[in-house]
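The values are calculated or read from the model by the stated rules, or taken from the named source; none is laboratory data. Treat the numbers as computed from the prediction; the structure is a model and nothing was measured. FYI the Cβ positions are ideal-geometry reconstructions off the backbone, even for glycines, and counts take in every protein chain you see. Note: areas computed on protein heavy atoms with side chains; ligands, DNA, RNA excluded. Shrake-Rupley method; radii C 1.70, N 1.55, O 1.52, S 1.80 Å.
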Amino acid sequence: MIGQQKVSPVGMIMALALMLRCTFHLEQEAAAIEKAVEKVLEQKFITEDMYYKGAKKVKTQELGLTLHV
């Protein structure tokens, strides 16, 4: 799936939030990222690898661009 824009960046983005919280003790920044991811998922934007009926299928880059922190 490399280069096909089908894989969700959510795991990597949530790992960033975890790093900010646990390594750098940046709780507010981590919470802002988590909230942005939650908001996008609540709107049912999802990539092909995580697609389910009723979701809005988008490409990897589009999903990343819908995140507003």
Next item on the list: Report P(r) for the chain: all Cα-Cα distances, bin width 5 Å, range 0 to the bin holding the largest distance, values in whole percent.
Entry: 3, 19, 26, 22, 15, 10, 5, 0
Margin query: Are there any trypsin sites (Lys or Arg not before Pro) in region 31-69 that are in a DSSP loop and have at most 15 other Cβ atoms within 10 Å? List them by number.
Written below: 44, 53, 59
Next item on the list: Counting helices only, and only those DSSP H runs with n ≥ 4, report the 222 nm mean residue ellipticity of the chain as the sum of -39,500 (n - 2.57) divided by its residues, in deg cm²/dmol to the nearest 500.
Entry: -16000 deg cm²/dmol
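With a 1.4 Å probe and every protein chain left in place, work out the accessible area per residue of the chain in Å², rounded to a whole number.
73 Å²
Mind listing which chymotrypsin sites (Phe, Trp or Tyr not before Pro) in the chain are in a DSSP loop and have 15 or fewer other Cβ atoms within 10 Å?
Those satisfying the criteria are 24, 51, 52.
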Notebook entry, point to check: What's the carbon and sulfur percent of the chain's accessible surface, probe 1.4 angstrom, rounded to a whole number?
Noted result: 61 percent
Item checked: Amide H contacts under 5 Å for residue 45, placed H, 5+ residues apart -> 56
